[in-house]
1. Quick check: Cα centre of segment B:94-154 to Cα centre of segment B:1-70, how many Å?
2. Put a point 7 Å out from Cα along the line to Cβ at residue B:47; what are the distances to that point in the other copies, in nm, shortest first?
3. Name all residues of segment A:117-160 having a backbone nitrogen under 14 Å from the label point set 7 Å from the Cα of residue A:93 along its Cα→Cβ direction, giving them as ranges.
4. For a quick check, take a GNM of chain B with Cα springs below 10 Å and name the residue from B:117, B:87, B:96 with the largest mean-square fluctuation.
5. When each copy gets a label point 7 Å from Cα toward the beta-carbon at residue B:9, what are the spacings between them in nm, shortest first?
6. Label-point separation (nm) for residue A:157 and residue A:36, each offset 7 Å from Cα along Cα-to-Cβ?
7. In whole Å, what are the extents of segment B:1-157 along the principal axes defined by its C-alpha atoms, from largest to smallest?
8. Can you work out which chain A residue has the shortest Cβ-to-axis distance for the rotation that carries A onto B, and give it in Å?
């Protein structure tokens, strides 16, 4: 047990983190949303039609060429306020321990969130999108085009997940 | 121009990388595929029905609890042989410069690939999956359940992309 383990819920399990990281990430921009505290974030991105913005650092702006022809994009972002050592966790709205890799919780070894969002427009270095649920100021790490041919699986099921997602 | 720029193709544009990274990643496992050289990898993951394996480090194994009930999962992995400084690039099979964020090329500021794969089974720390196209030994950085409700957008289009993906 270390100080990091303090405050985990009954049924949660934490592991010792590796002594060092293996690769480095650049934060390439920031996500702007209406939500300043975790309690205000929508539980599910599809619950909200709020228009959020993605501010890409100017250094990378030329990389946006051709992106505006995509109807939907994938955003990867860094959930920098999340613990990384939990392998079993108890989401408040489920109440039972689940494996970290069976959840989309931000608490995971590499706290990278992935969201599929609708792209409304691009103006300069700024993208306007619908479909986010993260905190204002969240660091952006990647933008990708969404290809229905490889990314869309309408028949996919998550068996443990019954009534809601 | 730096040494890293050497070898870029006509029409490609590289930027100066930031002086330092902003966050660290743990490699949490390795992906095992039949492909040992880039030229052998399928151009598109849907071209191949090869069964690949994901070897999760034992440290994190308890995090797999409940994942076997998912029919499809999202894998994030680190394309560690890719340049990170290209903002415009010329994919060999297209022949014209495209913005990095309009492509799924491994060359990007943070060379994280995202693949949606079919989960066949989990045995101990090892997952068997179908739908990968990466090199053998690629470092794994995350496993997530795929939720059709938020991740599947069958009607999504990528306008610049005409005949194939």
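Laboratory data are not the source of any read-out in this text; all were calculated from the coordinates shown. None of the values given here were measured: they were computed from a predicted structure. Counting neighbours? That spans all protein chains shown, and the Cβs are built from the backbone with ideal geometry, glycine included.
1. 8
2. 4.3
3. From segment A:117-160, the list is A:132-134.
4. B:96
5. 5.0
6. Using points 7 Å along Cα→Cβ, the separation is 4.5 nm.
7. Principal extents (Cα only, largest first): 49, 36, 32 Å.
8. Result for the A and B rotation: A:152, 2.
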